[in-house]
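Below: one structure, written as structure tokens.
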Amino acid sequence: MASSSPVYGQGFVPANNAISQELNAVTRRAFVPKMVVQIYQSAPLLSLMMRNAQRARGGLSQVTVPVQGNPFVQFGWTGYSGAFPTPPVVPGSNVASWNLSIGTVPIPLYGMESLLQATEAVIPLVKARMNDAKTVFIQSVSGALYGSAGANALQINGLLDVYDNGNTVATYGGINRSTYSYWQSTVNASAITPGRSTILTQIMHLQSLAGGEAPDFVIMSLSDWTTLMEDFLSLEQFQTNPNMRYGNDDAVNAGFRAVMLGNTPILCDPFCPKGTAFLINSRYLALYISEDANFAFSGFYSMIPNMQMASVGVLIAGMALVGTKPVSGMQLSNVTGGAF
């Protein structure tokens, strides 16, 4: 990316002429020694998953979880005699397995670049790349959390894989959803405009499907969440009395940072696609991170054997998003009326 030339003809700097060219030749530019980042977004869901991340170790299928899909025993009534039928042996369990997905961010360090920046660097490029590597990693994983590994088997499973009814993702965690219907989640494709009644209806619908367990939170795009907030704003009232202050700064605060419906927080995430929302029970959803590849840096290694005066290092992390009870969550795939 090319840098701009000095700005001429503004403030007390003369226009672009012989005088300004002379000044440019003999005067240093006054840099602010900070790199102001213009890209990237916050990652609420990944932050939540990282706070509750579980450890994963080596072996094949690094995350393996026994799951029960059928009862092991049977119930029956008895009479005065107390007789009951011979108990059958009923297979009721299965094994769900996930492999860690390995993400990498290679970081170059060119030899000539190091010589050029040894004493005259405003921003050391290797330092900028090192700071950027983790952020790029976070941005990439945050987007993948809302996606699917269907098109790329090397990618982490996203929420589209966890909360699917089997029509799009037939097999998840090594278990076929057609063969084992208990492994299916719910995808509501009906048009839903975000509002207090519509979202609360979906929360209660999920609770009925999940055996009475309510979701911990709902996550939406900023656009759809704003539409939901507008439904709350229409009911706001402000009551004032003589000599009463609204707050320390004497200002009225309208709206909320977070919204609760049925004691369930409704959150927004810049990475959540507009038109899609997820109802999540965090008791059955976890991010597993490798103990040995936990945002580990390999260190810089010489590329001289490749006939190049340079070094390269790699930031590495292995992880898997694991949902052990897909029916505990729900995907709303047709949320309409986003504010922007």
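Since every read-out is calculated from the coordinates, none of them should be taken as a lab result. Since this is a predicted model, take the numbers as computed values, not measurements. Neighbour counts run over all protein chains shown; Cβ positions are idealised from the backbone, glycine included.
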Computed [θ] at 222 nm, helices only, for the chain once each DSSP H run of length n ≥ 4 contributes -39500 (n - 2.57): -6500 deg cm²/dmol
Among the lysines, which have Cα under 28 Å from the Cα of Lys127 when same-chain residues fewer than 8 positions away are ignored? Lys34
Taking the beta-carbon count within 10 Å as an exposure proxy, list Ile19, Ile175 from fewest neighbours to most. Ile19, Ile175
Footprinting proxy, Met220, Met50, Met35: sorted fewest to most Cβ within 10 Å, the residues are Met35, Met50, Met220
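Just to confirm a number: summing +1 for Lys and Arg and -1 for Asp and Glu over residues other than Ala128 whose beta-carbon lies under 14 angstrom from that of Ala128, what do you get?
+2
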What FRET efficiency do you get for Val7 and Ala254 if R0 is 41 Å and r is their Cβ-Cβ distance, rounded to the nearest 0.05? 0.50
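Only loop residues by DSSP count here, and only those with at most 13 other Cβ atoms within 10 Å; note down the trypsin sites (Lys or Arg not before Pro) in region 11-116 that meet that. Write down the numbers at each step before the final one.
Numbers: sites: Arg28, Arg29, Lys34, Arg51, Arg55, Arg57; in loops: Arg28, Arg29, Lys34, Arg57.
Within region 11-116, the qualifying trypsin sites (Lys or Arg not before Pro) (loop, at most 13 other Cβ atoms within 10 Å) are Arg28, Arg29, Lys34, Arg57.
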Contour minus Cα-Cα distance for Thr64 and Phe84 (0.36 nm per residue): 3.5 nm
Answer with one residue from Met50, Tyr110, Ala277: the one whose Cα lies farthest towards the positive end of the charge dipole of the chain, charges on Cβ with Lys, Arg +1 and Asp, Glu -1. Tyr110
Would you tally the net charge around Gly195, using a Cβ to Cβ cut-off of less than 14 Å, leaving Gly195 out, and scoring K and R as +1, D and E as -1? -2
Mind checking which aspartates and glutamates have their Cα closer than 20 Å to the Cα of Lys274? Skip sequence neighbours fewer than 8 apart in that chain. Asp161, Asp164, Asp224, Glu230, Asp231
Take Asp224, Asp269 and order them by how many other Cβ atoms sit within 10 Å, fewest up front. Asp269, Asp224
Let me know the shape class of region 83-231, please: from the alpha-carbon gyration tensor, a ≥ b ≥ c as square roots of the eigenvalues, rounded when a/c is under 1.5, otherwise prolate if a/b is greater than b/c, or oblate. oblate
Charge tally for neighbours of Val322 with beta carbon under 13 Å away, counting Lys, Arg as +1 and Asp, Glu as -1, is +2
First measure r as the distance between the Cβ atoms of Asn263 and Gln139, then evaluate 1/(1 + (r/R0)^6) with R0 = 35 Å and state the FRET efficiency to the nearest 0.05. 0.60
FRET efficiency (Phe232, Val32; Cβ distance; R0 51 Å; to 0.05) is 0.75
